[in-house]
Each structure stands twice: as structure tokens, then as C-alpha cells.
1. Under 22 Å Cα-Cα from Lys338, which lysines qualify once same-chain neighbours fewer than 8 residues away are excluded?
2. Over all directions, the average projected area of the alpha-carbon convex hull for the range 2-238 comes to how many nm²?
3. Cut-off is 10 Å between beta-carbons; in what order do Ile131, Ile97 appear when sorted fewest neighbours first?
4. Over all alpha-carbon pairs of the range 260-431, lay out the pair-distance distribution in 10 Å bins, whole %, shortest bin first.
5. Could you derive backbone 3J(HN,Hα) for the range 395-411 from the dihedral phi with the Karplus parameters 6.51, -1.76 and 1.60 (θ = phi - 60°), listing whole Hz in sequence and x where the residue is Gly or Pro?
6. Could you work out [θ]222 nm for the chain from helices alone, using -39500 (n - 2.57) per DSSP H run of at least four and dividing by all its residues? Round to the nearest 500 deg cm²/dmol.
7. Taking the Cβ of each residue in Thr223, Thr430 as the centre, tally the other Cβ atoms inside 10 Å and list the residues starting with the fewest.
8. Can you give me the long-range amide H partners of Cys438? Hydrogens built in the peptide plane at 1.01 Å from N, cutoff under 5 Å, separation of 5 or more residues or another chain.
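Every number in this text was worked out from the coordinates using simple rules, so none of it is lab data. Predicted, not measured: the structure shown is a model, and the values here were computed from it. Here the Cβ positions follow ideal geometry from the backbone for every residue, glycine too, while neighbour counts run over all protein chains shown.
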Amino acid sequence: CGVFGIYAPGEDVAKLTYFGLYALQHRGQESAGIATFESEKLYLYKDMGLVSQVFNESILSELKGNLAVGHTRYSTTGSSRVVNAQPAIANSRLGSIAVAHNGNLVNTPQLREEITRRQYSFVTTTDTELIALAIASEVDSGKNWLDACISAFKMCEGAFSLTIGTPAGLMGVRDPHGIRPLVIGTLDTNPTRYVLASETCGLDIIGAEFLREVKPGEIVWITEDGLQSIEWQSQPSRKLCVFEMIYFARPDSQMEGESLYTYRMRIGRVLAKESCVDADLVIGVPDSGIPAAIGFSQESNISYMEGLIKNRYVGRTFIQPTQGMREAGIRMKLNPLKDVLQGKRVIMVDDSIVRGTTSGKIVKALRDAGATEVHMRISSPPVTHPCFYGIDTDNQDQLIAAKKSVAEIAQHIGVDSLAYLSWEGMLQATHEDPQSFCSACFTGQYPIDVPEPIKRSKLM
Ligand code: 5GP
Ligand code: SF4
Ligand code: MG
């Protein structure tokens, strides 16, 4: 999911949020929502669909106020229905609260029990509404916003990067592991108006300056008095999702001090060092495989060409909820360039193989277009384990690398050869401290304990 928040008295906060969400559309395409606060009064609009389908000028003009939070959703908990669209709302003695959530809690059943015990009722099936209700119940027990939020966050286990709107101010928070990203920007050189976004591309689009990321285990509380930083969890231990770097986040977003475009080119070069093969050209699978393909080409001195043209108006196939839709989606999405591929030995670089369905179809399309050899190179290791922290990689039995060896996968998708980036190679190219990343979908080493019943629901 994508989250956004803005505190900017005097600005059209709904419109700025709309543009921010527009830049974060790749993080979720099922529903979109914006909540604004005009002191005590909450305005909310959310619906199924893309940001551009959900909002128009007249809807945005109704969303008045000094601060706003927004969300683009793809469902990891709760079904794909409009009631589950975000921001989630709860009411308290100090007024309404609007919560936009990226991530996934792993203790949802316990939290639901506790909220029920406190006699608060929920209308959705999402963990996000439970967070909103937890905050409301802490406020109702007499705490101020900040203390109530800290108590509520301590009830939550799992991955959560949140933007929260209240009548008193805007909050951004990350879980102690900082699994999902969240950054702070400002609209001014002398900051009084702040912006929060899942990725820096959400700041760029409204001309906000990137200040820094929200730290794992940090709350930023933004009010008329400025920005206050609170370490709400004394022992943060950074575990940023490495898949954000490899695939999920936009290449023009900054993480770890560089654009992900630069990062992905670098892992492409490492991949070439590890597993180059004699060929006539290197192509990338649009869009996510392209930076790594360029890096692969640079390192191997095999020329880079575009071999597949993507229809820009078809969304990410992966994010659509059903396998049937995914299968229909891919045929609309990529078209091979026959005169580039005809008679050529091709190295095709992609960021990952998850189920293997897309890759198999693309390989067939390349061969139909005249490629004589297709060598697939993947700029991440085999995905063998499901994610419990907010990326919808499905159950383990749907992950092709959980069941098949590399040689079997090569045969299944019909390539002449297949190689993945090594896990060591990936981590070395990622950061000087590989421990500061989650890479559980490649290893099964989950940095936040996943309770057995939840684990069993997704593991083979
Ligand atoms: P597959 O061959 O597994 O069906 O599809 C692989 C393609 O799906 C890759 O191009 C990758 O960019 C894309 N993809 C879609 N969703 C995801 C996801 O959640 N994680 C990853 N890593 N890749 C995904
Ligand atoms: Fe990211 Fe994989 Fe960890 Fe999930 S399991 S948070 S996708 S690295
Ligand atoms: Mg891709």
C-alpha cells in the first residue's frame, strides 16, 4: 500500500494529497482514499479503483482542512471491498482519527479480541481499523493523542508504517523494525509545513523537499508547534524489506542514500559477474527488470536493447486479486519487438520470479518473435517463503521456487538457462550492514515472530 500525509495550513491539502497518491499508485491499485481535518471536523472520501478514478475536482473541493492523510490499497488482510478501503476512521472523546496503513500486523486475532473486550466494535475486516480503535480506546481512557498512540502501537506486532490524522495534528510512525518505508518532506526551506509519504517520489510530485526517513520505532508528531520526534520503542532494530529495494518501490525513489534505479543497476552488474553467458543482446522485462538489465549489459559488454514494449495503461499484473485476472492481464501488457529479437540469443533480465506464470508467457512470446536462445537472469534470489509483513506473495505452495529446483524452474518456464542473483551477492550490493534488512522471503528467517496459526495458514 501507499500512505501519504500533509500538514499545510493555507494549502489545498486534499489536492496535494491527490497528487501524492498519484505518485504512489504503484503501491496499490484496488482502492484509494483521502481524509482531511478542518480543526474538529473530519472529511472523508474513499472508493474502489485508481486514484484518478476515485477522485475528481468536485470531490476534492469538498475535502477541506489544514491536514490530510491518504492511502492507496492493495489488500493483504481483509477482502477487496470498499468498506475495507482506507483511511480507517474511529471516534474518540477528543474527536475523530483517520489511519492510513502500509504493512501487516501479525497479532491481529489478539488485537481483535482486546478491542472487543474493550467494547469497541469494528465494521471492517482490516487490521488498520483495529489500530484506529486501539488509539481511540486509549484516548477514551484519558490519555492525550500522543500517549494514546504510543500505548496503541505497543499493542501492535508486525509491520506498520502509518500516517494518522487527528484534530490536533498529523502523525507518522514506523514499527520498531521499519519494515515498510516512510519519509518526511517539507514544503518550505524553514519548515512549518510537512509532508509524509511511503516513498520520496510522493514528495517530488508536489515539489516537497526530502528531509529524511522516519526512523524505525519513531513517531513524528506534526502540529502548529512544528515537528516533534519521539522514540516510542526503546530498542528499534532496522529490518527494511529488501523487496522494496529490488522490486516494489519506484526506481526514482531514494532509499539508503541513492535512487533505486542506481541500486538496481548495481545488482544487475553483480548478477552479470555471477552468471554471464554468451549472447547477442540483453533485454529487461518492463518496467521492473530494466535497471538491472542495463547494469547487466554494462558489466557484460553485451548490448542492451528493448525487446518488449509495455502498454503503459495496464496496471501491474501482480496486484490484481485473482489468478484469472492476472492471466488475462499479462496478454494485454507486453508486446515483443520482432525485428530486435529475430535470430538473436537473448539474455532476459527480470527482478524476480514469484509464481512463474508471467515469466513462462514472456519466454514463449520471445521465442515466437524469433529469439533463438532465451537465457533468463533474475536480480534477486529464489523466492521460497511467503511474506507476512505486507507484500502479497501468496501462500508458499504458489511460489515456484518453494517446490522446484532452479533447473526445474528453467524447464518449467522454457528457458535455455536460468540463474538467480546469490543471496550473498544481493546483500553485499545492498548495504554495508546486511543485518539491517528483512530478506525472509528468500530465507524463511522471519525477523518478527509470526504466530504458529498464521504461519501455518501460508506455509506448505
Ligand atoms: P511470475 O513469473 O512469477 O509470474 O512474475 C514475475 C514478475 O512479476 C516479475 O516481473 C515481477 O516484477 C513481478 N511481480 C509482481 N508482483 C510481485 C511481487 O509482489 N513481488 C515480486 N517480487 N515481484 C512481483
Ligand atoms: Fe519484504 Fe520478503 Fe521480508 Fe516480506 S518477507 S518484508 S517481502 S523481504
Ligand atoms: Mg516485473
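1. Lys310, Lys361, Lys364
2. Working: hull surface 44.5 nm².
Mean projected area of the Cα convex hull: 11.1 nm².
3. Details: Ile131 27, Ile97 30.
Ranked by crowding around the Cβ, least crowded first: Ile131, Ile97.
4. For the range 260-431, the pair-distance distribution reads 11, 39, 40, 10, 0.
5. 6, 4, 5, 8, 8, 4, 6, 6, 10, 10, 6, 4, 5, 5, 5, 4, 5
6. Details: 17 runs with 144 residues, N = 460.
It comes out at -8500 deg cm²/dmol, rounded to the nearest 500.
7. Numbers: Thr223 16, Thr430 22.
Fewest to most other Cβ atoms nearby, the residues stand as Thr223, Thr430.
8. Leu240, Cys241, Val242
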